[in-house]
């Protein structure tokens, strides 16, 4: 026995020696985490997440420096930022963030536990090119030739946005029968109050995405799907959350009251979906259905928006990492705009000699800061409310199902037994005792 134990011990030592001495090629992550890497190397030419380790944090080192340099005065602009008029300012913001470059993509992804080959989970990808706020703002300005001068050629969110966003949101600021926020009436846009203009766009986007996502909790994708597949919606909802496998007719016999509640709630949210202002929700639903959104993904542009809003990945909850990324992506680029706007007004303020000019710029900064704070607080409160609804609505339906099942058991099975017990109790009572 001792000789056999020694032989096993020697074999184990030889095996460990073989593993240690066997040459192992360094992974990309190991190479990226070297301290002397540049930002491009640390993200594999902006194709992978920035390396973050105990020694370096390239996400923090590379991303914010890059964005800050884009919106600071630099030689490539040809003139100082303080010399920009409003039109120049908006154009620089749009083209800086919509330029087709991997540097605009900010990754916070992690290795996925779903796949065996260790692919990255790309759902946490903050990309300015797929920001609804950036694209809506930049596409709202049309010149006299009918073109969109603030959009880049590669920008590709057009199909999922409704046309005439300015008229839909009533963004016109009329003065002397002219629109101050129109490039046709005022090419400089100097009289356009961007604090109101931008706030209305951001508010509409936040409203639309939560209208769509609230309906997703009820398993309602679009208005067209509501009219075409009524029974399938109910059956899919109960199968999604509670793993029911019965046909609709059988479910209707088992839970008629709960199904009535579901139908009523879905009808209410169908009316809400009809009030979506600027997003083509039917197109987004079709896009998510045809593209078959992956669990581990690297999707861009309209595919990302469609998957984030309409693909809950059959995990039982609608509050997915991709939706949170979409939400915070909008907040991020709205905050970038407000910071850049205040920075630009401050730069102009130093060039204005009159007290009137100084006071006007300071009022604009104060107003926009107030609007911005209100919008961000409203967005955060809405997200918290959606989290509550996302968690409690399935529980509410489960309680209705349970209540209906208990009631059915009481009426059909328990009542005859209880009647017998009541009769037996009366027979066994001692008639000599007073009641």
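Read-outs throughout are calculated quantities, based only on the coordinates presented, and are distinct from any laboratory measurement. The structure displayed is predicted, hence computed values, not measured ones. For neighbour counting, all protein chains shown are included, and Cβ atoms are generated from backbone atoms with ideal geometry for every residue, glycine included.
Between residue 39 and residue 232, full extension at 0.36 nm per residue minus the direct alpha carbon distance yields a gain of 64.5 nm. For residue 395 and residue 80, the difference between the fully extended length at 0.36 nm per residue and the C-alpha to C-alpha distance is 107.6 nm. Extending 7 Å from Cα along the Cβ direction at residue 264 and again at residue 188 yields two label points whose distance is 6.0 nm.
Quote to one decimal, in nm, the extra length available between residue 153 and residue 324 on full extension: 0.36 nm per residue of separation minus the C-alpha distance between them.
58.8 nm
For the peptides 144-154, 248-258, residues were scored by their other Cβ atoms within 10 Å and the scores averaged per peptide; the highest-first order is 248-258, 144-154.
Each peptide in 386-398, 209-221, 338-350 receives the mean, over its residues, of other Cβ atoms within 10 Å, and ordering these scores from highest gives 209-221, 338-350, 386-398. Between residue 257 and residue 142, the distance separating the two model label sites (each 7 Å from Cα on the Cα→Cβ line) works out to 5.4 nm. Report note on the peptides 262-271, 130-139, 280-289: ranked by the mean count of other C-beta atoms within 10 Å, highest first, their order is 130-139, 280-289, 262-271.
If R0 is 41 Å, what FRET efficiency do you get for residue 175 and residue 271 from their C-beta distance, rounded to 0.05? Provide the component values of the computation, followed by the final result.
Working: r = 37 Å, r/R0 = 0.90.
Calculated transfer efficiency: 0.65.
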